[in-house]
Amino acid sequence: MAIAPLEGASLSMLQPHRPFDGGPAPVRQRDEVKEAGFDSLFADMVARANVLGNESHQAAEALAVGASDDVHGTMVEMQKAGIQMRLVNSVRNKVVDAFYELWRMSV
C-alpha cells in the first residue's frame, strides 16, 4: 500500500535560518578563531557577556516598570547572561591556573 503525499505539503514551506538582527555579537567561525588568537577570542567572549548582561538588565527594568509583562522572556535573558558570565569566569580561572602552573615550573 503506497502512502500518498499530503495535499499542499512541500519543502518550500521551510525557511532557511536567518540570524537575529540586533542580537549579541556574531559568533566567529572556527577558521577565524585560529587566525584571530586567544586574546581576541576572549575579548569577544567578554563583549558578548556584556551585551547579554545589558539585554537582561533592560528586560528586568522593563518588567519592573510595567512596560513588559514577559516574565518568561526576562528570566530566559537573565539565565543566558548568567551562563555567559560563568563561562567567561571559568575560562579566566583556567588561564590564571595555567599561568601559575607555568610560574611554579622549574626550568
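FYI, it's all coordinate maths here, none of it is from the lab. Please read all numbers here as calculations on a predicted model, not as lab measurements. Here the Cβ positions follow ideal geometry from the backbone for every residue, glycine too, while neighbour counts run over all protein chains shown.
Tabulated values for the structure
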item: Residues 72, 57 arranged by fewest to most Cβ contacts within 10 Å; result: 72, 57
item: Which of 77, 101, 55 has the fewest Cβ neighbours within 10 Å, and the rest in rising order; result: 101, 55, 77
item: Burial ordering of 102, 52, 63, fewest other beta-carbon atoms within 10 Å first; result: 102, 63, 52
